[in-house]
Structures are given as structure tokens and as C-alpha cells.
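Engineer: Below is the structure I would like to discuss, written out as C-alpha cells.
The values are calculated or read from the model by the stated rules, or taken from the named source; none is laboratory data. These numbers come from a predicted model, not from an experiment. Note: ideal-geometry Cβ built from the backbone for every residue, glycine included; neighbour counts use all protein chains shown. To get the accessible areas, we keep the full protein, side chains included, count just its heavy atoms, and leave off ligands, DNA and RNA. Shrake-Rupley method; radii C 1.70, N 1.55, O 1.52, S 1.80 Å.
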Amino acid sequence: MDYIVAGVAPTVEEQEAERLVTSEDVFLPECLAEMLLLKWHAQFALLNFLMFMSWRPTRGLNVPSFETTSRLNPTSRTGDFSTLQETDYYDEYERSAPKPLTRDQRRSKLAAISNPDFYFPPDPEADLAEDAETNAPEPVLQRQQPRAQASFSYNEKDKNGPSHWYRVDSRCGGRYQSPILLNTSSALLVNRKRPLRLDGQTNLPQSILLQNDGHSAKFTYNWRNGDCPVLHGGPLKTKYLFDQFHFHWGVNSTVGSEHVYDYQRYPMEIHLVFYNGLYESFQEAREQVDGIAVVGMFYEIYQHSATEQLNTWTRFLRNVIAPSSEYNIPFIDTFPLYEVIGDFEWPYFTYEGSLTTPPCLETVTWIVSTKPLLVTEREMRQFRRLQSPTGQMVNNFRPVQKLNHRRVFLY
């Protein structure tokens with residue numbers, strides 16, 4: 001164009017050079033656009049690949065996993081993994097043999113898992129075991145087969161006495177065991193409360209089975225359909241059906257009750273056992289966290305007469321003196337629950353605990369009355385005549401257990 005303005009005609013070579021320069025100016029921006037487009041496509045493909053790899057399970061990769069180990073062995077929840085060597089992800093991974101731990105390392109692991117919010121069955125003989133035991137292969141988690149429960153004893157000198165019940169059943173070493181010490185001063189007072197009710201306590205059963213099971217005297221009622229007493233209200237969220245009641249007593253009238261009320265132990269305590277109506281039977285309910293409710297009531301000695309018969313139903317005890325004996329009380333001699341416990345309105349403690357005999361299942365809501373019932377010395381002698389497999393059935397109560405930060409409420 002400069003040639004035209006100057007009045008000089010361009011040569012053929014100059015015209016060809018000008019045409020090439022003009023075409024390059026148009027071609028360069030188009031090239032840059034295509035390169036940017038290809039770059040965006042590559043970034044998008046890389047992003048999709050990374051998202052896919054993060055979602056893809058790593059089972060086939062060489063990534064050390066401690067999930068199975070921690071489930072099989074609670075002590076492997078804690079540890080120092082800073083010394084783990086990095087390996088190629090696509091090489092075959094082989095689990096190395098466990099290294100023996102020192103005694104200090106074992107102590108630190110045991111201290112790390114001793115969380116009061118969790119239950120670890122006690123094993124006092126294993127926490128200071130020799131280091132060689134740690135070389136044993138990890139146990140395989142298998143479903144335990146039901147086994148016959150070993151006999152337990154209330155005699156502290158026996159090998160299966162109360163302090164060794166965890167050998168009979170490991171659940172007896174749990175953190176939420178019963179009975180406990182009940183203190184009015186430390187209990188949490190409940191002001192807004194629902195009334196506790198026992199419907200059907202005046203109903204008569206068809207018959208009553210009285211058993212000497214070697215540890216207590218147990219009364220099991222046989223009800224018609226719809227006549228079974230129902231416990232509800234108070235701390236209970238559902239209805240509980242009556243199952244049986246039994247007793248705990250001492251060799252004399254200074255001991256006997258399982259729970260201790262304001263540092264006082266009573267000569268006898270009755271336990272009325274109920275199970276959650278959501279389940280078919282007591283055996284099924286006792287395995288559930290809300291399966292059982294037990295009403296405990298103390299007995300104190302009636303001071304005005306030592307021979308008067310206040311509880312007429314105690315006359316049946318003479319039929320089950322021998323251990324493992326039983327007696328069926330016919331309908332004509334049956335008696336309602338009202339005749340045993342009277343009115344069902346009194347202040348009471350409540351807390352979450354366990355059965356007081358093996359298997360010591362921690363599925364019990366305890367309701368312990370603060371108003372004692374009355375019993376005479378003559379009636380107490382009838383209980384003390386009963387025999388166990390080891391002799392006279394007395395002091396069949398478990399020592400009080402640790403509270404372990406549980407809350408006790410007073411209604």
C-alpha cells in the first residue's frame with residue numbers, strides 16, 4: 001500500500017511477500033485459540049481422572065489398612081505410625097509380623113483405652129504378661145457358641161465368690177453393675193415427674209410356682225391372658241410386664257439387703273422383676289438395653305411382735321427347704337402382688353444398672369423404694385431355714401459396686 005501512495009508500482013516479489021505477511025497475521029490468533037481449547041480439554045480430563053481415582057476403592061492398591069486390626073484388637077486403636085515405610089502402590093502388599101511390645105508400651109496402650117465411657121472386660125492376669133505373649137497370632141473374630149454357665153457363690157472365700165464372678169461371666173466385670181450405695185444427699189431430685197403405676201396388682205394368678213434355685217426363693221406367677229400386672233410411668237418409657245419376684249437376706253437382721261440406703265443395710269430386700277412388653281419373653285428382653293426393670297424394696301423388722309405373721313405367704317417356704325426343690329401353689333392359695341408389697345406410692349431412687357447375679361447383664365432400670373416393708377423375726381427364720389448346695393442359705397446378697405460416674409435420680 002505504501003508503494004501506491006508513493007506512486008511506485010510494486011514488483012511481483014514484493015506483492016508475494018506482502019501476501020504471506022497478511023496470512024500469518026490471521027493464522028496466528030486461530031492457532032492460539034485451538035491450543036487454549038486443547039489445554040482446557042486436557043485439564044477437564046485430568047480432573048475427571050482424579051475424581052475417579054479418589055472414589056475408586058483402594059482394595060487392590062498397596063495401601064496399608066488398619067481397619068480389620070482395630071476391630072479385632074481394641075488395643076490397636078492407638079499407636080505410633082510415623083515409622084511406617086512408604087511402598088509402591090501397585091506392588092503386592094504383605095502384612096509384616098507383629099513386633100513384640102515392651103512392658104512400658106503395653107502399659108501405655110492399656111492406659112489409652114481406659115475410657116470410662118466404654119466397657120472393657122477386666123483381665124487382671126494379662127495386663128502384665130510376658131512380652132513373648134504378644135507374638136501370638138491375632139485372634140479371629142468368631143461367633144461364640146452358647147455354653148453352660150458355671151455355678152457362682154456368695155462366699156467370698158470360694159473361687160467363684162462375688163469378687164471373682166467375672167470368671168463365671170465376663171459381663172460381671174462391667175462398669176455399670178448393681179447393687180450400689182444410694183445416698184439421698186447426692187441423688188438428683190426430679191421435680192417434674194410422671195407417676196409410677198403398677199396396673200393389675202390385685203389380680204389373682206392361676207397358680208404360683210415357688211422355687212428354691214439354690215441362691216434364693218423365687219415366686220413365678222402363672223397368669224391368664226390379660227391379667228399380668230403392668231408397670232409404667234416414672235423413668236420408664238414403655239410398659240413392662242411382671243415376671244417373678246425373689247429375695248435376698250442375711251444371717252441376722254443387721255445385714256441382708258443388696259442396696260444400701262444412706263449407709264444402712266436392711267435385713268432383707270425383695271426384687272420384683274419386669275420385662276419390656278416390646279419383647280416376647282424375659283429371656284429375649286434381658287439382652288436388650290431397655291429390656292428389664294426391677295423394683296427393689298427393703299424390709300425392716302417389726303418391733304412390736306416377734307411371732308406375729310404379717311406376711312402369710314411365707315408359710316409356703318417350708319415346702320422348698322432343699323436346694324433345687326419347687327412347690328406349685330394352687331389357685332385356692334394364690335395371692336396377688338398387692339398382698340406382698342401393698343400400696344405402690346412412695347419416693348424412690350432410679351438408676352441404670354445390672355442384674356445382681358451372673359450373667360450380670362447391664363440392661364436393668366432400677367427402681368428402689370425408700371419406704372421399707374415390715375417383716376417379723378419369725379418370718380425371717382423361715383427364710384434362713386432354706387438350704388443351698390453348700391449349706392444354709394444366708395447372706396445371699398452381692399457387695400455394693402462402684403457407681404462409675406452414673407447418675408442416680410430421686411423421684
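Engineer: With +1 on each Lys and Arg Cβ and -1 on each Asp and Glu Cβ, and nothing else charged, work out how big the dipole of the stretch 180-410 is about its Cα centre, in Debye to the nearest 20.
Structural biologist: In debye, rounded to 20, the stretch 180-410 gives about 420.
Engineer: Each residue of the stretch 353-368 in order: what ³J(HN,Hα) in whole Hz does its phi give by Karplus 6.51 cos²θ - 1.76 cosθ + 1.60, θ = phi - 60°, with x for Gly and Pro?
Structural biologist: In residue order, the calculated couplings are x, 9, 5, 8, 9, x, x, 6, 5, 8, 10, 10, 9, 8, 10, 10 Hz.
Engineer: Just grab the label-to-label distance for Asp343 and Ser151, each label 7 Å out from Cα along the Cβ direction, in nm (one decimal).
Structural biologist: Result for the modelled spin labels: 4.5 nm.
Engineer: For the stretch 180-410, what is the accessible area per residue in Å², given a 1.4 Å probe and the full set of protein chains?
Structural biologist: Ligands and nucleic acids excluded, the result is 46 Å² per residue.
Engineer: For the stretch 180-410, what % of the accessible area comes from carbon and sulfur atoms, probe 1.4 Å?
Structural biologist: 49 percent
Engineer: List the equivalent ellipsoid semi-axes of the stretch 180-410 in whole Å, largest first, each obtained as the square root of 5λ for an eigenvalue λ of the Cα gyration tensor.
Structural biologist: Taking √(5λ) for each eigenvalue gives 26, 22, 18 Å, largest first.
Engineer: Related question: So who's got an amide H within less than 5 Å of the one on Glu300, skipping anything under 5 residues away but keeping other chains? H placed 1.01 Å off N, in plane.
Structural biologist: Leu373, Leu374, Val375
Engineer: Ok, one more. Rounded to whole Å, give me the distance from the Cα center of the stretch 166-215 to that of the stretch 364-395.
Structural biologist: 15 Å
Engineer: So, one more: Dipole of the stretch 180-410 (Lys/Arg Cβ +1, Asp/Glu Cβ -1, origin at the Cα centre): which of Leu374, Asn225, Gln201 lies farthest to the positive side?
Structural biologist: Value computed over the given set: Leu374.
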